[in-house]
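Okay, so here's the structure we're looking at.
The values are calculated or read from the model by the stated rules, or taken from the named source; none is laboratory data. Model, not experiment: these values are computed from the prediction. Note that each Cβ is placed from the backbone with ideal geometry, even for glycine, and that neighbours are counted across all protein chains shown.
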Amino acid sequence: MERPSSGNLALVTGANRGIGAAIADVLAENGFRVVLVARDEEALSRQEKKLLASGARTWAFACDLSDEAAVDAMLARVEATVGVPGVIVNNAGFGGPFHRADEVSKAEWDALFSVNMDAVHHLCRWALPRMKAAGFGRVVNISSILGLSGGALSSTYAATKHALVGYSKSIAAEWGAHGITCNAICPGYIDTDMLAKADPVFRKELLRRIPAGRFASPDEVARLVAFVAGPYGGYINGATLVVDGGLSSHLANDLPSF
């Protein structure tokens, strides 16, 4: 189908660093106009300046996605300034609390769900009727391989990411008839600053378990986002796309050598 002008306007949350920054970079490289959203205003400004220097058309909106009123105000500014995005990439999220399920407080549970899931619903609730009116929309939700399996000491994070996978499939089923697709991307271990700070023994053990023998670059996730959101992704709907080098494809503790 032919894309409306909104089809090349993408809003990316958590766009100031890591996977989110890479998604913004790659979408800009592929001709998208990019709306950057994140809480850290200083880091967001650096990302905006970098993209503008490359010739991209981009706008930055600082917002605490855990604050519903702030999200409403941000979306109103986006709509008034640049219009309604035809592409929404829900990337913002955080991990933890990394302890046993019985040690997770209600405040920790609520804080994780407020960003990892509630904010996604809030953006979708706003965007989907507008996408329907345009006859076009692409929603890409960044989940995790912990959205497909459990993880000791990660019960709350895994719960949010499982919820995101199910939510994505439901959006796909409800809105697919209106030219809207919704897909979940489940990254494994990505070579970001956070992983670089991990214990070297932990990193070595992870690498041993990944059949590809390496961590992914943020760009490898970003390019999949660009494909799904781009002109060749129109028939991919309700999919759960795993980017983990084969880690989730096996349960063996030891990999064969040959």
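For LEU241, the conditions (1) outside any strand (DSSP E or B); (2) surrounded by fewer than 18 Cβ atoms within 10 Å (Cβ to Cβ); (3) touching a strand residue (DSSP E or B) at 6+ places or on another chain (Cβ under 8 Å); (4) modelled with pLDDT of 95 or more are fulfilled apart from (1).
Exactly one residue out of LEU195, LEU206, LEU164 is assigned to a helix (DSSP H, G or I), buried (at least 18 other Cβ atoms within 10 Å of the Cβ) and either at negative phi or among the hydrophobic types (A, V, I, L, M, F, W, C) (or both): that is LEU164. Filtered by the rule that a residue be polar (S, T, N, Q), surrounded by fewer than 23 Cβ atoms within 10 Å (Cβ to Cβ) and touching a Lys or Arg at 6+ places or on another chain (Cβ under 9 Å), segment 31-78 gives a lone residue, SER66. Return the residues of segment 133-157 that are buried (at least 19 other Cβ atoms within 10 Å of the Cβ) and under 17 Å from the mean Cα position of the chain (by Cα); say none if nothing qualifies. Correct list: GLY137, ARG138, VAL139, VAL140, ASN141, ILE142, SER143, SER144, LEU146, GLY147, TYR157. Among the residues of this structure, ALA222 does not count as one that is at pLDDT below 95 and either surrounded by 11 or more Cβ atoms within 10 Å (Cβ to Cβ) or hydroxyl-bearing (Ser, Thr, Tyr) (or both). Taking the residues in segment 88-118 that are over 18 Å from the mean Cα position of the chain (by Cα), outside any helix (DSSP H, G or I) and touching a residue at least 12 places away in the same chain (Cβ under 8 Å) as candidates, determine which candidate is surrounded by the fewest Cβ atoms within 10 Å (Cβ to Cβ). Looking at the filtered set, the residue picked out is ARG100.
Anything in segment 2-34 that is among the aliphatic types (A, V, I, L, M), over 15 Å from ASP219 (Cβ atoms) and within 14 Å of the chain's Cα centre (by Cα)? List them, or say none. The answer is ALA10, LEU11. Residues that are among the small types (Gly, Ala, Ser), in a loop (DSSP other than H, G, I, E, B) and surrounded by 14 or more Cβ atoms within 10 Å (Cβ to Cβ) within segment 209-218 comprise just one, SER217. Within segment 195-224, the residues that satisfy the criterion of being among the basic types (Lys, Arg) and either without any contact (Cβ under 8 Å) to a residue 40 or more places away in the chain or touching a Leu at 6+ places or on another chain (Cβ under 8 Å) (or both) are LYS197, ARG203, LYS204, ARG208, ARG209, ARG214.
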